[in-house]
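Q: Following this message is one structure expressed as structure tokens.
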Amino acid sequence: LHETYIIAQGQDSILIIDQHAAHERLTYEKLLSALAANGPATHLLLLPELVTLSAADTRVLARRAADLKTFGLVIDLFGQNTIAVREVPALLVKADIKRLMTDLAETLRAFGDTVLLKDKIKDVCARMACHGSIRAGRTLTVPEMNALLRQIEACGTSGQCIHGRPTYIELNLNDI
């Protein structure tokens, strides 16, 4: 529905699922699990993604490059205001890399240099999950919708996205 919602039939209800919010929650949980179990699988980019940023954003990302590597992001300084993204977590292979790097730089600036990223794992994973998830406006195939619904059923924390929005709304037939 509107390339944003999936309508599904429950036992005695109708479910309206926000495809981005639901996928974001699932991606977030997978990232946290992967980090807890030796780090995420990464995807080596055939050609590095060059991202031009402000000088401040470039500096903060370059300073945190070793920390970001533990999250599956391999970056290098590539000129004064450019970051070369060489590897990304496999879960984020379709993410908007420029937007991800801009948001991560903003998040890292807010933390300051004294904060250890391992103490802010959830914040960093939340940013990465948001950018690596199915977007509103993308038409999903029936198999993709079914796969997303099965994953939601299996995830115990799928009721809200990482920003607090509900991932689905259930309308009971009696209420309708």
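The values are calculated or read from the model by the stated rules, or taken from the named source; none is laboratory data. Bear in mind that the values here come from a model prediction, so they are computed numbers and not experimental data. Cβ: placed from backbone, ideal geometry, glycine included. Neighbour counts: every protein chain shown. In case anyone asks, the SASA skips ligands and DNA or RNA and just uses the protein heavy atoms, side chains included. Shrake-Rupley method; radii C 1.70, N 1.55, O 1.52, S 1.80 Å.
Q: Every residue in the range 125-146 that is basic (Lys, Arg) and closer than 14 Å to Gln19 by Cβ, please.
A: Passing the criteria: Arg135, Arg138.
Q: Same structure again: Condition check: open to solvent by 70 Å² or more (accessible area, probe 1.4 Å), more than 23 Å from Asp12 (Cβ to Cβ), touching a helix residue (DSSP H, G or I) at 6+ places or on another chain (Cβ under 9 Å) and not in a loop (DSSP other than H, G, I, E, B). Does Arg109 satisfy that?
A: Yes: the conditions hold for Arg109.
Q: What number of residues within the range 52-94 are free of Cβ contacts under 8 Å to residues at least 12 places away in the same chain and part of a loop (DSSP other than H, G, I, E, B)?
A: 1
Yes or no, residue by residue, for (1) over 14 Å from the mean Cα position of the chain (by Cα); (2) among the acidic types (Asp, Glu):
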{"position": "Val51", "(1), (2)": "yes, no"}
{"position": "Asp67", "(1), (2)": "yes, yes"}
{"position": "Thr70", "(1), (2)": "yes, no"}
{"position": "Gly79", "(1), (2)": "yes, no"}
{"position": "Pro89", "(1), (2)": "no, no"}
{"position": "Leu108", "(1), (2)": "yes, no"}
{"position": "Gly112", "(1), (2)": "yes, no"}
{"position": "Lys122", "(1), (2)": "no, no"}
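Q: When you scan the range 159-172, how many residues do you find that are of a type outside the set (D, E, K, R), surrounded by 10 or more Cβ atoms within 10 Å (Cβ to Cβ) and assigned to a loop (DSSP other than H, G, I, E, B)?
A: Going through the range 159-172 one residue at a time, the tally reaches 5.
Q: From Gly156, Gly137, grab the single residue that is open to solvent by 40 Å² or more (accessible area, probe 1.4 Å), in a loop (DSSP other than H, G, I, E, B), out of contact with any Gly (no Cβ under 6 Å at 6 or more places or on another chain) and free of Cβ contacts under 8 Å to residues at least 40 places away in the same chain.
A: Going through Gly156, Gly137 in turn, just one is open to solvent by 40 Å² or more (accessible area, probe 1.4 Å), in a loop (DSSP other than H, G, I, E, B), out of contact with any Gly (no Cβ under 6 Å at 6 or more places or on another chain) and free of Cβ contacts under 8 Å to residues at least 40 places away in the same chain: Gly156.
Q: Can you say whether Asp175 is without any contact (Cβ under 8 Å) to a residue 40 or more places away in the chain, charged (D, E, K, R) and either within 19 Å of His2 (Cα to Cα) or open to solvent by 70 Å² or more (accessible area, probe 1.4 Å) (or both), as far as the supplied structure shows?
A: So Asp175 fits the description; yes.
Q: Tell me, please, whether a residue that is in a helix (DSSP H, G or I), of a type in the set (A, V, I, L, M, F, W, C) and closer than 14 Å to His131 by Cα can be found in the range 30-51.
A: Yes - at least one qualifying residue is present in the range 30-51.
Q: Go over the candidates Leu149, Leu100 one by one and state the one that is within 30 Å of Ile16 (Cβ to Cβ) and open to solvent by 20 Å² or more (accessible area, probe 1.4 Å).
A: Exactly one residue qualifies, and that residue is Leu149.
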